[in-house]
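The structure appears right after this line, and notes come after that.
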There are 2 protein chains.
Amino acid sequence: MSLPHAILTALLEKPSSGLELARRFDKSIGYFWSATHQQIYRELGKLEQDGLIRALPAGAPARGQKKEYEVLPAGRDALTAWVSGSDAPRPVRDPLLLRLRAAAVVGTGGLEEELRRHLDLHRSQLAEYRAIEERDFPPERDGEEDRLRHAVLRGGIGLETFWTEWLAETLTALGERNEEKERKRRQ
Amino acid sequence: MSLPHAILTALLEKPSSGLELARRFDKSIGYFWSATHQQIYRELGKLEQDGLIRALPAGAPARGQKKEYEVLPAGRDALTAWVSGSDAPRPVRDPLLLRLRAAAVVGTGGLEEELRRHLDLHRSQLAEYRAIEERDFPPERDGEEDRLRHAVLRGGIGLETFWTEWLAETLTALGERNEEKERKRRQ
DNA sequence: GGCTGTTATGCAACTTGTTGCAAAAGGGGG
DNA sequence: CCCCCTTTTGCAACAAGTTGCATAACAGCC
């Protein structure tokens, strides 16, 4: 239910072709709702059929020919309705937590290296978000739109902060355990 | 790729029937990898076909008849391999963040109420996790398995903590804005 | 014996997301 | 002019997750 609304949002910000949307997803909306170009093309087709968007008139529409879309009033209305609707929070779904749980049963075979790898990735994502924050949200910008966009970015920052802290803690906890084992073995 | 491994883990912890698994998912593994009974039955079938688990012998297997499964050595091996494998961190996928972003374009129509509702839900989930922590992880328990399971739980606690803090902050930020508007209107 | 409720397994159809590849247009470079 | 590369759109097949419903055993009850 979310992808069509993600696309409507992106198209309202700026009318675009499928490929442009795919590229923009990769570096902004995709930070919290990713999509492949395939999904995007399919969804654009549906949205057009449902009369929520339309292709901008541009000669003969053909394969390999760029096709720009813009949002129709019905599309804007649908998005507005979705924003003020109500939904359950997404349940957590994380394979890494699952792997830790499995490790409690079959043993941690090299899992620590994986934790360190993830820690690095989350740290660099966090750094990227902080750079965006400094660039796009200086203290003087303070319209309602800015606050909302900033809140979203703070969400990303908060999540990455959580992961870096949790991974660091967990590595410490497992590391200590290993040191204990070493000590016992040497006795 | 994760569901079969979630099931293997649960079955190693205790051999069970499909429905028992579904119930256990609802109150432990499901906290970070949920699954419906449908998914579970389908996956049990596949795992049995692949020779990773087997049904415990119990009379005539028929519809409506309980069928217990246990993990075979090949299943344990597969799980071990998965634990020590490598995977990219899950990209964030959250409709609420998306709705905020959309709200920056079409306006926040009653979205604050939704934020408050989510805040309540996350608070009570957090309380539930903390209760589990006190019950299951007193300071003296400190085997490797306990540390791993505790780390997973701390993950859940950290995530819920993040959400409650972020939601509270965001509500404050939006509230202030509304107060400003009120003030201007009254001038 | 037949009704009802619970436990348990499962099929079918659908939606959403992923992967691999094909096809059309257009722009150089030799 | 032809070949190759890039851009752009798209099909097809699959994997994963959801929803609604059917089926069977069993137990209690009147």
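Any read-out appearing in this document is the output of simple, stated calculations on the displayed coordinates, not a laboratory observation. Since the structure is predicted, the reported quantities are computational estimates derived from the model, not experimental observations. For neighbour counting, all protein chains shown are included, and Cβ atoms are generated from backbone atoms with ideal geometry for every residue, glycine included.
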Taking every DSSP bridge whose two residues both lie in the protein assembly as shown, the antiparallel percent to the nearest 5 is 100
Evaluate the charge dipole of the protein assembly as shown about its Cα centre and quote only its size in Debye, nearest 20, assuming +1 on the Cβ of each Lys and Arg and -1 on the Cβ of each Asp and Glu.
880
Per residue of B:142-148, what is the mean number of Cβ atoms on other protein chains within 10 angstrom of that residue's Cβ?
6
Using a simple charge model, +1 on the beta-carbon of Lys and Arg, -1 on the beta-carbon of Asp and Glu, nothing else, what dipole does the stretch A:1-122 show about its Cα centre, in debye to the nearest 20?
220
Descending semi-axes in Å of chain B, equivalent ellipsoid built from Cα gyration tensor
43, 20, 16
Return the long-range amide H neighbours of residue B:67 (sequence gap of 5 or more, or a different chain), with a cut-off of under 5 Å between placed amide H atoms.
B:18
Ranked output for segments B:123-135, A:142-154, B:104-116 by mean other Cβ atoms within 10 Å, highest leading, reads A:142-154, B:104-116, B:123-135
Starting with the fewest neighbours, write out B:67, B:46 ranked by other beta-carbon atoms found within 10 Å of each beta-carbon.
B:46, B:67
Distance histogram for the stretch A:1-52 (every C-alpha pair counted, 5 angstrom bins, percent rounded to whole numbers)
5, 22, 39, 26, 7, 1
Under the convention of a label 7 Å out along Cα→Cβ, give the distances in nm from residue B:175 to the same position in every other copy, shortest first.
4.0
What is the minimum Cβ-to-axis distance for chain A, in whole Å, where the axis maps A onto B, and to which residue does it belong?
A:162, 2
Teacher prompt: residue B:24 distances to equivalent labels in other copies, 7 Å Cα→Cβ, nm
4.8
Nearest 500 deg cm²/dmol is fine: what mean residue ellipticity at 222 nm does the protein assembly as shown get from its DSSP H runs of n ≥ 4 alone, each adding -39,500 (n - 2.57), divided by its residue count?
-23000 deg cm²/dmol
For each of B:20, A:160, count neighbouring Cβ atoms within 10 Å of the residue's Cβ, then give the residues from fewest to most.
B:20, A:160
How many lysine pairs are close in chain B, with Cα atoms under 30 Å apart and the two 8 or more places apart or on different chains?
9
Return a whole-number percent for the relative contact order of chain A, with Cα pairs under 8 Å and 6 or more residues apart as the contact set.
18
If you average the sequence gap of Cα pairs under 8 Å that are 6 or more apart and divide by the length of the stretch B:1-54, what percent do you get for the contact order?
37
Would you kindly derive the ³J(HN,Hα) couplings of the stretch B:124-130 from the backbone phi angles with the Karplus curve 6.51 cos²θ - 1.76 cosθ + 1.60 (θ = phi - 60°), listing them in order in whole Hz, with x for Gly and Pro?
6, 5, 4, 4, 4, 4, 4
The residues B:84, B:16, sorted from fewest to most surrounding Cβ atoms within 10 Å, come out as B:84, B:16
Could you calculate, for the protein assembly as shown, the ratio of the Cα radius of gyration to the Kirkwood radius, expressed as Rg to Rh?
1.03
